[in-house]
There are 2 protein chains.
Amino acid sequence: MIDRLIENIERLGAPVVVGLDPTLEIVPEKMLADSAKSFDETTEAAAFALLKFNREIIDAVADIVPAVKPNIAFYERYGLDGIRAYIMTVEYAMGRGLMVIGDIKRGDIGSTAAAYAGHVAPSPLFGRKFEIWNEDAVTLNPYLGADSITPFLDAIKGRDKGVFILVKTSNPGGADLQDLPIMPEGAPLYERVAALVGEWGAGEGLMGGHGYSRVGAVVGATHPKASARLRELMPHTFFLVPGYGAQGASASDIKQFFDTHGRGAIVSSSRGIIGAWKAEGKGAGHVGKSARAAALKMRDEIGAVL
Amino acid sequence: MIDRLIENIERLGAPVVVGLDPTLEIVPEKMLADSAKSFDETTEAAAFALLKFNREIIDAVADIVPAVKPNIAFYERYGLDGIRAYIMTVEYAMGRGLMVIGDIKRGDIGSTAAAYAGHVAPSPLFGRKFEIWNEDAVTLNPYLGADSITPFLDAIKGRDKGVFILVKTSNPGGADLQDLPIMPEGAPLYERVAALVGEWGAGEGLMGGHGYSRVGAVVGATHPKASARLRELMPHTFFLVPGYGAQGASASDIKQFFDTHGRGAIVSSSRGIIGAWKAEGKGAGHVGKSARAAALKMRDEIGAVL
């Protein structure tokens, strides 16, 4: 999975992943109203509007970016109908040749983590194996430690799948725990997590052919000062870098997340791309066009600093 | 929600919550086979078997325990069909008068956390409010800090809902991050998290009438040595205590999680109760009976030490 991601990034010259985090503030009103004509004023209508919106975005960016990253929270909020839209979004994106990073941030104790690992591994059932979620990679929360991660490592071994583990998140509150100084030397907690992620990713059967592990790290674009140190601590860890654009980070902030060959990271933007039509004051007909223009702009901004 | 939980615990004399974490190793083979007759060999059949199993457990314990705690991972593993079984389990348990703690361990940055808060708050849609998930309380992961928690606090304010935030988890790997010594004094990370949870729970509109906040903490039963200190650090925080039974903790281990009045905590057991029929080598007809006996035994064991 990580080799495929790296190759697609290089083929397109775009270390860019589009966050598919649609809210009804970003989805055009007409799209929701049309959906309500078919499904009445229900969660099914809301979910179908999200799916329709995502398809427009996916169609508009499928040939210029390697991957999309739907955050399941934006679908889970509408219950079963929403989760159906998430699953259909994953399928649609894959059908258009995009890789899919499921932003699920799951984390639980060993036996439970094995259940969550169904996102990236087939579930045995009736003597067969069911591929149920089928994202290319998912994000994980490390607060429960090694035994919450191991079932995922076992699941992705020998398969074309990956994980990205939260190290330093892009939000202000991330500092509350992640920046706490650990004894004896006082390095922040996230550096300890970084070291663990590096170790986990060095396990047998996890390293890809381009020098990066299928166990990646999430490091927020909003922390340029931490970037060089994290790159140094995790030389073989691929970075998923959220927080570009709407959350305030710019291209110059993210240069150090990449290695000296301009590899090793993919930068995520959600609202900056999927909400571009609205930010520009355009009509609903511009959803795809504005998203494409925003993604190209982001690609070029990042390309200019690498 | 927290007052209602405390009152139900006292009415029944049972600070016990039954973890509804069914796997196909615990569900009787016949139950799955029967389900496959109706739904073929599909995830729908697996999900229906889980639901049917849960109903037997719920029917067997509804009059002796105040609450159940389904962990969504065991349902999510079967995709959409599994999540439907989760939702139907929540509804069924509530219909039988049980409170439901949704063990979802979600955590994400502010705007995304607001979407996850749909678990405990209605989602506005088409000018109306949709109660979609409707658990009485859910568990949360604190790794992303205050802004990942605040949307939930806003969501439960003025509503009969609650949250339990992971502080010290029951699994061995929990030590990897949670036990790291924080400068300057070297107290473990989980004590810092405990202090934060205490602060968050002291916010306006969150304290219940019995001296406990609707913002609770998850503290593993497997850490008796930490229990007195955590009780001291969080005098107004109600504890959800997993790890009893199958994970190795006994009644004497959990005494200090309670306050001097024998209040302030609810102990969770999953496999020890729902898998009792199998551990005892009984047939499928004993699922409910064995679960009830195991829950009564746990109630009495805990009652004896309080």
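Throughout, read-outs are computed from the coordinates displayed, never taken from laboratory work. Keep in mind that what you see is a predicted model, and the values were worked out from it rather than measured. Don't worry about glycine lacking a Cβ; one is built from the backbone with ideal geometry, like all the others, and counts go over all protein chains shown.
For chain A, the longest principal axis of the Cα atoms and the long axis of helix A:287-305 meet at an angle of about 30 degrees. Remark: relative contact order (region A:155-219) = 45 percent; criterion is Cα-Cα distance under 8 angstrom and separation of 6 or more residues.
Measuring r between the beta carbons of A:Glu199 and A:Asp160 and using R0 = 22 Å, the FRET efficiency lands at 0.45.
Take each residue in B:221-233, count the other chain C-beta atoms within 10 Å of its C-beta, and the mean is 0. Computed over Cα pairs, the Kirkwood radius of the protein assembly as shown leads via Stokes-Einstein (1.002 mPa s, 20 °C) to a diffusion coefficient of 87 µm² per second. Inter-copy label distances at A:Gly283, shortest first and taken from points set 7 Å along Cα to Cβ: 7.1 nm. Set the Förster distance to 22 Å, then compute FRET efficiency between B:Phe126 and A:Asp59 from the Cβ-Cβ distance, nearest 0.05. That gives a FRET efficiency of 0.25. Ratio to report: Rg/Rh of region B:1-146, with Cα atoms as the point set and Rh obtained by the Kirkwood method; give two decimals. That ratio equals 1.00. Taking every residue in B:188-194 and counting other chain Cβ atoms within 10 Å of its Cβ, the average works out to 2. Against chain B, whose longest principal axis comes from its Cα atoms, helix B:79-95 is set at around 80 degrees. When each of the peptides A:6-17, B:136-147, B:175-186 is scored by the mean number of other C-beta atoms lying within 10 Å of its residues, the order from highest to lowest reads B:136-147, A:6-17, B:175-186. In chain B, the longest principal axis of the Cα atoms and the axis of helix B:224-233 are about 50 degrees apart. Across the identical copies, the label point of A:Ala195 (7 Å from Cα in the Cβ direction) is separated from its matches by 2.3 nm, in order from shortest. Straight-line reach from B:Lys225: taking Cα to Cα under 29 Å and skipping same-chain neighbours fewer than 8 places apart, the lysines in range are B:Lys69, B:Lys105, B:Lys168, B:Lys255, B:Lys297. Peptide A:67-79 is shielded by partner chain Cβ atoms: per residue, an average of 6 of them sit within 10 Å of its Cβ.
Distance between the C-alpha centers of region A:153-231 and region B:73-111? Whole Å please. First find each Cα centre; the distance between them is then 29 Å.
The other copies place their B:Lys37 label points at 4.7 nm from this one, listed shortest first, where each point is 7 Å from Cα along Cα→Cβ. Only aspartates and glutamates eight or more places from A:Lys278 in sequence, or on another chain, were considered; those with a Cα closer than 15 Å are A:Asp21, A:Glu25, A:Glu29, A:Glu56. Here r is the Cβ-Cβ distance between B:Ala279 and A:His210 and R0 is 51 Å; the resulting FRET efficiency, rounded to 0.05, is 0.60.
Straight-line reach from A:Lys129: taking Cα to Cα under 23 Å and skipping same-chain neighbours fewer than 8 places apart, the lysines in range are A:Lys157, A:Lys161, B:Lys30, B:Lys37, B:Lys52.
Annotation: for a label point projected 7 angstrom from Cα along Cα→Cβ of A:Glu10, residues of region A:245-271 with backbone N closer than 12 Å are A:261-264. If you add up the charges near B:Pro142, with Lys and Arg at +1 and Asp and Glu at -1, over every other residue whose beta carbon is less than 13 angstrom from its beta carbon, what do you get? Within the 13 Å Cβ shell, the charges total 0. Label sites at A:Ala228 and B:Glu25, each approximated as a point 7 angstrom past Cα along Cα to Cβ, lie 4.9 nm apart.
Measuring max minus min along each principal axis, the C-alpha atoms of region B:64-136 give extents of 38, 27, 21 Å (largest first).
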